[in-house]
Amino acid sequence: MSNIIFHDKYIRDWMRAFPLGNGRIGAMLYGDPHKETIEINEESLWSGKQLKEQCAADPQTLNKIRELLFEEKYGEASALCTDTFLACPPRVRFYESFGEIFIDFADKSDYTDYRKELDLGKAVATVSYVKNGVSYRSETFISEKYDCLVYKLKTENGNFSCRVSMERGQDAVTAAPDTDTLLLDGQIFCPAHEYYGEEFLGMKFGARLCVLSNGSMVNDQNGITASDATEMVIYAAFSTTYDIEKFDFDNSIDYQKRNTDTICKALDADYKEIRDIHILDHKARFDKVCFELEADTLETVPTDERLRRVTEEDADDLDLICLYYNFGRYLLLSCSGGNAALPANLQGIWCNGFRPPWGSDYHTNINLQMNYWCADNTNMSEAFLPFSNYVKKLSEFGRETSQKLFGAKGWVCNHTSDIFGRTGVHDSVGCGFFPMAGPWLCLNLWDHYEFTQEMEYLEEIFPVLKGSCEFLLDFLTEKDGVLHTAPSNSPENWFYYTENGERKSGMFAYSATMDSQIIRELFFKTSFACTLLGRERELAKVLEAALSKLPPLRISEKYGTICEWIKDYEECEPGHRHISHLFGLYPGETINKSEPEIFGAAKKTIERRLSHGGAATGWSRAWVINFYARLKNGFSAGEHLKQLLKLSTAENLFDMHPPFQIDGNFGAVAGVTEMLIQSHEGSPNRRTVELLPALPPSWKKGFVKGLRARGGFVFDIFWENSKVSKVCITSDNKNVLRMKLPESRIITAKPNTVFQGVLEMNLERGETAEIVFL
C-alpha cells in the first residue's frame, strides 16, 4: 500500500516540510540536520474577536437595489449595495502560526544518508542521516490521546549536543525556568486597520515543552541545552483561551494549567506507550480505506523526484496517484479528525506566519464545502463532525444578520467567516454578497445524513436546514411569476452588459444560475427531511410550491453552454477558476443523463472553460475532475488528475492554488472516489449505486476497500481488465441496495432481483454480501 512520502535531500522550504496533526494541533516538520525546525499551529489561534458587524442596510434599501437590478442598472445597484450592505469592518482577521520549535545542533558538519519520511499509515515522521560517523534518527508525531507533540531523537556510534528553544516572531515571550522546561506565553495584538477594525488585545495562548535527555542539561534565559546525549525526548503542549461554546475567547481560561496537566499526563506514561497508542488510534481510522492500482511502486524513488518525472517527463506513475489519494485522506484526518473542534480552514490547520494567504479563513463560496467532499464517501465520517458543529453554531449568528440585512426569518452567511461567527457581507459586494453560502453548507450537512442514515443526526441538523429555507423563502422575490434571488452573483466571475448603449462589466446581478441550483436541491431535500421526520408538513408544501417557480436552466444560444447568469451574458473571463453554473453537476445532482440536452450543455460548458485556460488553480482542477467523473468520462477525469499533479502540487504533495490551499487535495480525493463509485442518482430513499463509472483507461487492474455509498453501504471493489470482477457490500443499516449491473453474469448467494439492469437486494444491519462478476 502506498503510504510513504520521503525526500532524500534537505532543502529549507515550508512547502517541502511534512504535515502532522491530531485535529487540534498541527506541525510542519522541516527535517533540518543542522537546526531542526518544527512550526506549530493550533486550530483556534486567530486574531480577531466576536463583534457586532455594522452596516446601513435595511429592507427598504434592499427593495431599491432590486428595482435597479431588474432594470439592469447593475452599476448603480452595486454602488448602493456597497454603501449600505458592506460590513464594517469589511474583512475578517487571520489564522496565525503558534511559533516554531528549534533543535539547534552543535555539530554543523556535512551529513550523508539523508532521509525524511512521513508514514501516512502511522502518522509518524522520521528524519535520519549520518554526521561524523554518528547516526541520527528522530521521530515526530502528535498524539490524540495525550494531546501533545512528541519528538524523540536517538543517535548511534556517538552522542550529540543541541539547544532547544521555541520562538514566535510577534506577540509572545519565551522562558526556560528549569533545565527541563520551556514556556511560551503570548497574547494576540490586533492593530487598528480600515479593513479589520479597531485596535485591541485578543486571545491569550501558551506552550509548555518538557525536554528530557540522558546527557547533561543546562537552561539559559529562553532555551535548554543538552550535551553529550544519545537520546532526547520532547513533549510539547499548546493551548489558547478560545471557547468554542462562546465562539469567542475567554481570557480567564488558565491555558498554562491545561498545558501543565497535558505534560503531566504524558510523563505518567512512557514514550513507547504513547507512540503505540497514537499509531493504533490513527490506523483505526486511516485503514478503513485501502486503494491500490496495479503498477510499479517506485518505492525507492523519492516522492519529489517522482513528482518531477510526472511534471517534466510526462511519466505515468499510477502508484503516485494512490499515494496522493492516501495523503489527502491523511490530511483530513489530521486536521479535522481526532481532537479537532473547528473545521479545516483554507490551509487545514497548517499555516506559515501571521498573514497567510486569504487569512487562512473560512471561504464559503466553495472552499470550506470542498474540504468535506471526501469525508463520508472515503469513510471518514468522524472528521465531518467539526464542520457540522461549526455550521450549527454559525447559523445562530446568522439569524441576526438575516433579520438586520434582509428583514428575513431564518439565518444567512455570506462568502467568508471566521471562528467568531461573522456572517455579514465582506471584502466587496461583488464577491462578498453571497447569501447562498448558508444553503450550500446545509447541503453538505444533508449529504452526511445520506451516507450515514443517522436519524438522530437528521434531527439535530433539521433546524439548520429549516432556518436556511426560511431565509430563502423571504429573500426570494417574485417577478412575472418567477422567484428570483436579488442581489446575486456567480462567485467571483464578471460579465459584460450594456447600459444606456455603453458596454460595462460587473459581478452584481440577479438570479445567477448557481443560486437556483442550490435552492432547488435544498428545498427538495428539506421537504424530504420533513417527510422522514414526520413534521413541518406545511413547510414542505411551501417549499414544493416554491420549487415550481424557480428559474429554469438556460442554454446559451451563442455557445450551447449552460448560461452562468439569468441572461446569456458574455463572461469577462471565460476561463475563470469558478465554474459555479455547473453546481448541479457536482456537488449537486440535478444535472444528469435524465435531461440529455442539459447534460450535453454541461459538457460544452467545461470544454469552453478549459479552452480559455480554466482550471488554472489546484482546487478548480480538482472540481473539473469531479465534473468529468459525473459525466462518466474516465479518460478526461484521469487526465485532469495528472494535470493536478503536474501543475498544482508541491514537493510535499500539498495542493497549490498557488500558493498553498488545501481544498484541492480534498477535492481531488473526492474526484478519484467519484471515478470509482457513485451513489447520487435517484431519490434520497432510492439511490442507485454505480461501480467504476469513470475509470481511466490506464487503471486496468486494482481494488479499493472501504468506500461508502449513500444509503449506509460500505463497498470493497475489485476489477480486472477495466471491469468489475468482485464486490463486497456491507450494510450499516437495514436497507435495500440498488446497484447498476454491467453487462455480465453475476454469482451471489444472496436473493436478489434484477430489473432494467439494476440489482435490488435486501440487506440487514451489519450484513455483508459478495457478488462475483463473470
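Please verify whether A529 is of a type in the set (G, A, S), in a helix (DSSP H, G or I) and in contact with a Phe, Trp or Tyr (Cβ under 8 Å, 6 or more places away or on another chain), treating the condition exactly as stated.
Values: of a type in the set (G, A, S): yes; in a helix (DSSP H, G or I): yes; in contact with a Phe, Trp or Tyr (Cβ under 8 Å, 6 or more places away or on another chain): yes.
Spelling it out, A529 is indeed of a type in the set (G, A, S), in a helix (DSSP H, G or I) and in contact with a Phe, Trp or Tyr (Cβ under 8 Å, 6 or more places away or on another chain).
Please tell me if Y10 is in contact with a Pro (Cβ under 9 Å, 6 or more places away or on another chain) and open to solvent by less than 10 Å² (accessible area, probe 1.4 Å). Talk me through it step by step, then tell me what you get.
Working: in contact with a Pro (Cβ under 9 Å, 6 or more places away or on another chain): yes; open to solvent by less than 10 Å² (accessible area, probe 1.4 Å): no.
For Y10, the condition - in contact with a Pro (Cβ under 9 Å, 6 or more places away or on another chain) and open to solvent by less than 10 Å² (accessible area, probe 1.4 Å) - is not met.
Could you tell me whether the range 290-303 includes any residue that is of a type in the set (D, E), in a strand (DSSP E or B) and either open to solvent by 10 Å² or more (accessible area, probe 1.4 Å) or under 21 Å from A622 (Cβ atoms) (or both)? First the steps, then the outcome.
Taking the range 290-303 as the starting set, the residues that turn out to be of a type in the set (D, E) are 292, 294, 296, 299.
Within this subset, residues satisfying the condition of being in a strand (DSSP E or B) are 292.
Filter again for either open to solvent by 10 Å² or more (accessible area, probe 1.4 Å) or under 21 Å from A622 (Cβ atoms) (or both), leaving 292.
Within the range 290-303, one or more residues are of a type in the set (D, E), in a strand (DSSP E or B) and either open to solvent by 10 Å² or more (accessible area, probe 1.4 Å) or under 21 Å from A622 (Cβ atoms) (or both).
Do you know which residues across the range 658-673 are open to solvent by 10 Å² or more (accessible area, probe 1.4 Å) and either under 15 Å from A637 (Cβ atoms) or touching a helix residue (DSSP H, G or I) at 6+ places or on another chain (Cβ under 6 Å) (or both)?
Selection gives P659 alone.
I'm told K257 meets every condition in (1) open to solvent by 50 Å² or more (accessible area, probe 1.4 Å); (2) touching a residue at least 12 places away in the same chain (Cβ under 8 Å); (3) assigned to a helix (DSSP H, G or I) except one. Can you identify the failing condition by its number?
(2)
For the range 601-613, give me each residue that is open to solvent by 10 Å² or more (accessible area, probe 1.4 Å) and either within 21 Å of M675 (Cβ to Cβ) or among the hydrophobic types (A, V, I, L, M, F, W, C) (or both).
First, the residues of the range 601-613 that are open to solvent by 10 Å² or more (accessible area, probe 1.4 Å): 603-604, 607-608, 610-613.
Passing the criteria: K603, E607, L610.
Here is a list: E521, E557, E538. Which entry is part of a helix (DSSP H, G or I) and surrounded by fewer than 16 Cβ atoms within 10 Å (Cβ to Cβ)?
The unique qualifying residue is E538.
Matching residues to (1) among the polar types (S, T, N, Q); (2) within 22 Å of F660 (Cβ to Cβ); (3) in contact with a Cys (Cβ under 8 Å, 6 or more places away or on another chain):
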| site | (1), (2), (3) |
| --- | --- |
| Q256 | yes, no, no |
| D261 | no, no, no |
| D268 | no, no, no |
| D276 | no, no, no |
| D281 | no, no, no |
| G337 | no, yes, no |
| P357 | no, yes, no |
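What's the number of the condition D281 fails, among (1) outside any loop (DSSP other than H, G, I, E, B); (2) open to solvent by 10 Å² or more (accessible area, probe 1.4 Å); (3) within 27 Å of E674 (Cβ to Cβ)?
(3)
Which residues, taken from the range 541-554, are open to solvent by less than 60 Å² (accessible area, probe 1.4 Å) and outside any loop (DSSP other than H, G, I, E, B)? Outline the logic, then answer.
Within the range 541-554, the first condition is being open to solvent by less than 60 Å² (accessible area, probe 1.4 Å), and the residues that meet it are 543, 545-547, 550-551, 553.
The answer is L543, A545, A546, L547.
Any idea how many residues of the range 406-465 are assigned to a helix (DSSP H, G or I) and of a type outside the set (S, T, Y)? I'd like the intermediate steps shown before the answer.
Residues of the range 406-465 that are assigned to a helix (DSSP H, G or I), as a first pass: 406, 429-432, 437-452, 455-465.
Checking the rest, the ones that are also of a type outside the set (S, T, Y) come to 406, 429-432, 437-448, 450-451, 455-456, 458-465.
Of the residues in the range 406-465, 29 are assigned to a helix (DSSP H, G or I) and of a type outside the set (S, T, Y).
In the range 724-774, what residues are open to solvent by 20 Å² or more (accessible area, probe 1.4 Å) and of a type in the set (G, A, S)?
S725, S744, A749, G757, G766
Search the range 80-96 for residues that are of a type in the set (G, A, S) and pair each with any residue that is open to solvent by 20 Å² or more (accessible area, probe 1.4 Å) and part of a loop (DSSP other than H, G, I, E, B) when their beta-carbon atoms are under 7 Å apart and the residues are at least 6 apart or on different chains.
Going by the 7 Å Cβ cut-off, the qualifying pairs are A87/E53; A87/C55.
I need the full set of residues from the range 339-358 which are of a type in the set (G, A, S) and surrounded by 24 or more Cβ atoms within 10 Å (Cβ to Cβ), in order please.
Step one: list which residues in the range 339-358 are of a type in the set (G, A, S), which gives 340-341, 344, 348, 353.
If the condition is that a residue be of a type in the set (G, A, S) and surrounded by 24 or more Cβ atoms within 10 Å (Cβ to Cβ), then A340, A344, G348 are the ones that fit.
Please specify each residue of the range 596-611 satisfying the condition of being closer than 11 Å to I555 by Cβ and either aliphatic (A, V, I, L, M) or in a loop (DSSP other than H, G, I, E, B) (or both).
The answer is I598, A601, A602.
The values are calculated or read from the model by the stated rules, or taken from the named source; none is laboratory data. It should be emphasised that the depicted structure is a prediction, and the values quoted were computed from it without experimental measurement. Because the Cβ atoms are built from the backbone with ideal geometry, glycine has one as well, and the counts that use them run over all protein chains shown. Each accessible area value is taken on the protein alone, full model and side chains, heavy atoms only, with ligands, DNA and RNA left out. Shrake-Rupley method; radii C 1.70, N 1.55, O 1.52, S 1.80 Å.
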